[in-house]
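J.: One structure coming up, written as structure tokens, with questions to follow.
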Amino acid sequence: MTIKYQKIIAVLIVLLLAAELVHIGLKEKPEEEEIIVERPLLIWYTDPDIQDYMEAAAEEMASRYEVEVHAELISEVDYIENISEKSVAEEMSGPDLYVTSSALLEKATLAGLTVPVTDQDLVGTYSEKAVQAVTYDGNVVARPFYIETCFMLYNRYYVEPEEVPQDIEGILTYAENFEADALTERVEHIFKWNVADVIDNYMFLGAYTDLGGSNGDDKSQVSMDLEKITECMTYYQSLNEFFAIDADTVSSEEVIREFIEGKTVFTIVNVPMLAELDQAVAAGEIPEYPTERTVTGEDGEETTENINYVPFYQVTSLPHLTDSLDSRGLSVTNSVVVNPYSSNVKAAEACARYLTQERADRLYEEAGKLTACKSLLEVLKQEEETEPAVMGYQSLYDQLPGPLKTPDTDTDGSEKYMTVYESYEAAAEVPKIMELSNMWLQLEAVLADIWRGEDAGEKMAGFKELLETQLD
């Protein structure tokens, strides 16, 4: 191919990319709509971590739509009941829209506190998994806001990517062969996670449990493969002998802090823990690692190689338990719901779209949450596939919040965040079924008992029977 034709093709590629960017820009910035309200718009939420995000969003929406908008942090105790009581009062004083987890959407819908979402191409805006998470009885009743799930981290100075174990059995093998040296002298834990956290531990039974089907709302699809789960729980219990994690004192704060300090090789974390890690990296609150190491070749000759990993960690999916026992994590999709009792339903819908789509790329930077909106995911994929500055993606790349941008020395790009989204997609969503609302406290107690040595088969059989009784 001649240089002339190569130049023509290059120009055509640039034009096509420019057209695509215009299309994405139009898609992400819908035509401004005028909204009229009878009273100030009120938004309720229960997670203090998103307070800065919600207050900033309320201020921006007030300026954008020229209406008064208030965001209020509310207690999560009897949240839906509180919304209902204030909404049906003689003088409506409840929220026009509110943030809630997917687990509460059945309760909210049966209380008459949701409005069907009829936006076109919801699966194009979010993902099929996220849309299923906000679907109840065949209707989409909320807009996905931000996601929560678990995944594994490893320290890149201690483990080469090609050597990362695919299952916990492989981590045990790593532990058996581990020898401390100048590079690994800080290591105190080979594998540590919060064994007191039911969401972190769900991976040990998730592959053999169904909590309501794909939408999490079908009681006929609640099932547990007791034989397989007992096998998994027996294996889970055996890990206490190797890793000796104290369920009475361990905490997520301790787990992520020790990983930041280079004391842990492998760990299971969630999105807020990852955000804390990224903040520590950005602030330079990580130890200094040696900049070179000695490597012995197959011929026995020693050579020195330079090492510099930025960041020092990498994200990978949850490991299997063994080569015959699978794992599956748990996810929670937080959503924004429009209150049908609002006198400003159209305005509330516009604000819900703004919170979950147009402004959602700031969630990680301002609140340590990852948006459920696919627009950011698409940017991450594009950044992974091609250099943004080279191929015309710089304008999209500039939309990424700071922590998602990749330093020049980070050769893995945004792969780690893509892995988090992939972990979310593979995870089981918490069920919406009201009868199962207290199952997490019960499961947490059961897992704690098993970890401390009680009979795994008896404890899980009792838990399964309890679920069946609640569903009858």
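The values are calculated or read from the model by the stated rules, or taken from the named source; none is laboratory data. Everything quoted here is computed from the prediction, not taken from an experiment. Quick reminder, even Gly has a Cβ in these numbers, built from the backbone with ideal geometry, and neighbours come from all protein chains shown. What goes into the accessible areas is simple: the full protein's heavy atoms, side chains included, and nothing from ligands, DNA or RNA. Shrake-Rupley method; radii C 1.70, N 1.55, O 1.52, S 1.80 Å.
J.: Take the residues in the range 197-227 that are in a helix (DSSP H, G or I) and of a type in the set (A, V, I, L, M); name whichever of them is farthest from the chain's Cα centre (by Cα). Show your work before the answer.
T.: Pass one, the range 197-227, residues in a helix (DSSP H, G or I): 198-204, 206-208, 219-221, 226-227.
Add one more test, that the residue is of a type in the set (A, V, I, L, M), and what stays is 198-199, 203, 207, 226.
Details: Val198: 15, Ile199: 12, Met203: 14, Ala207: 18, Leu226: 28 Å.
Applying the filter and picking the extreme gives Leu226.
J.: Residues being crowded, with 20+ Cβ neighbours inside 10 Å and assigned to a loop (DSSP other than H, G, I, E, B): count how many of those fall in the range 450-468.
T.: So the count comes out to 0.
J.: If the requirement is being modelled with pLDDT of 95 or more, touching a Lys or Arg at 6+ places or on another chain (Cβ under 8 Å) and more than 30 Å from Ala247 (Cβ to Cβ), which of these qualifies: Leu183, Leu110, Leu105, Leu97? Step through it out loud before you land on a result.
T.: Details: Leu183 fails: modelled with pLDDT of 95 or more; Leu110 fails: touching a Lys or Arg at 6+ places or on another chain (Cβ under 8 Å); Leu97 fails: touching a Lys or Arg at 6+ places or on another chain (Cβ under 8 Å).
Just a single option satisfies the conditions, and that option is Leu105.
J.: Then there's this: When you look at Thr184, is it open to solvent by less than 50 Å² (accessible area, probe 1.4 Å) and out of contact with any strand residue (DSSP E or B) (no Cβ under 6 Å at 6 or more places or on another chain), yes or no? Please lay out each step first, then the result.
T.: Details: open to solvent by less than 50 Å² (accessible area, probe 1.4 Å): yes; out of contact with any strand residue (DSSP E or B) (no Cβ under 6 Å at 6 or more places or on another chain): yes.
Answer is yes for this residue.
The rows are residues; the columns are (1) out of contact with any strand residue (DSSP E or B) (no Cβ under 6 Å at 6 or more places or on another chain); (2) in contact (Cβ under 8 Å) with a residue 60 or more places away in the chain; (3) closer than 20 Å to Cys351 by Cα; (4) in a strand (DSSP E or B).
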position: Ile50; (1), (2), (3), (4): yes, yes, yes, no
position: Glu55; (1), (2), (3), (4): no, no, yes, no
position: Ala62; (1), (2), (3), (4): no, no, yes, no
position: Ala71; (1), (2), (3), (4): no, no, yes, yes
position: Val77; (1), (2), (3), (4): yes, no, no, no
position: Glu81; (1), (2), (3), (4): yes, no, no, no
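J.: Show the residue pairs meeting these rules: Cβ distance below 6 Å; 6+ apart or different chains; first residue within the range 34-45 and farther than 21 Å from Tyr79 by Cβ and modelled with pLDDT under 70; second residue open to solvent by less than 10 Å² (accessible area, probe 1.4 Å) and of a type in the set (Gly, Ala, Ser).
T.: Going by the 6 Å Cβ cut-off, the qualifying pairs are Ile35/Ala347; Ile35/Ala350; Val37/Ala347.
J.: Condition first: under 30 Å from Leu110 (Cα atoms) and part of a loop (DSSP other than H, G, I, E, B). Can you find one or more residues in the range 170-191 that meet it? I'd like the intermediate steps shown before the answer.
T.: First pass over the range 170-191, keeping only residues under 30 Å from Leu110 (Cα atoms): none.
Checked the range 170-191: no residue is under 30 Å from Leu110 (Cα atoms) and part of a loop (DSSP other than H, G, I, E, B).
J.: All but one of (1) farther than 14 Å from Val315 by Cβ; (2) among the aromatic types (Phe, Trp, Tyr); (3) crowded, with 21+ Cβ neighbours inside 10 Å hold for Tyr289; state the number of the condition that does not hold.
T.: All conditions pass for Tyr289, except number (3).
J.: When you go through (1) touching a helix residue (DSSP H, G or I) at 6+ places or on another chain (Cβ under 6 Å); (2) farther than 30 Å from Thr100 by Cβ; (3) open to solvent by less than 10 Å² (accessible area, probe 1.4 Å) one by one for Thr322, which number turns out not to apply?
T.: (3)
J.: Also, I was wondering about something else. Of (1) under 16 Å from Asn339 (Cβ atoms); (2) more than 19 Å from the chain's Cα centre (by Cα); (3) surrounded by 20 or more Cβ atoms within 10 Å (Cβ to Cβ), Leu104 satisfies all except one. Which?
T.: Only one criterion is unmet by Leu104, namely (2).
J.: Here's something else I'd like to know. For the range 142-169, how many residues meet the condition of being part of a loop (DSSP other than H, G, I, E, B) and of a type in the set (Val, Ile, Thr)? Give the derivation first.
T.: Step one: list which residues in the range 142-169 are part of a loop (DSSP other than H, G, I, E, B), which gives 142, 156-160, 164-166.
Restricting the remaining residues to those that are of a type in the set (Val, Ile, Thr) gives 159, 164.
Count: 2.
J.: Taking the residues in the range 453-472 that are in contact with a helix residue (DSSP H, G or I) (Cβ under 8 Å, 6 or more places away or on another chain) and of a type outside the set (Gly, Ala, Ser) as candidates, determine which candidate is farthest from Thr249 (Cα to Cα).
T.: Among residues in the range 453-472 that are in contact with a helix residue (DSSP H, G or I) (Cβ under 8 Å, 6 or more places away or on another chain) and of a type outside the set (Gly, Ala, Ser), the one farthest from Thr249 (Cα to Cα) is Leu471.
J.: Please find, among Val140, Val123, Val117, Val67, the residue that is farther than 17 Å from Ser335 by Cα, β-branched (Val, Ile, Thr) and open to solvent by 10 Å² or more (accessible area, probe 1.4 Å). Even if it seems obvious, please write down each step before you answer.
T.: On the way: Val140 fails: farther than 17 Å from Ser335 by Cα; Val123 fails: farther than 17 Å from Ser335 by Cα; Val117 fails: farther than 17 Å from Ser335 by Cα.
Exactly one residue qualifies, and that residue is Val67.
J.: Collect the residues in the range 236-253 that are touching a residue at least 12 places away in the same chain (Cβ under 8 Å) and surrounded by fewer than 11 Cβ atoms within 10 Å (Cβ to Cβ), keeping them in residue-number order.
T.: Taking the range 236-253 and keeping what is touching a residue at least 12 places away in the same chain (Cβ under 8 Å), we get 236-237, 239-240, 242-243, 245, 247-248, 250-252.
Selection gives Asp248 alone.
J.: Here is a follow-up. Kindly indicate whether any position in the range 260-279 is at pLDDT 95 or above, assigned to a helix (DSSP H, G or I) and more than 19 Å from the chain's Cα centre (by Cα).
T.: For the range 260-279, residues at pLDDT 95 or above, assigned to a helix (DSSP H, G or I) and more than 19 Å from the chain's Cα centre (by Cα): present.
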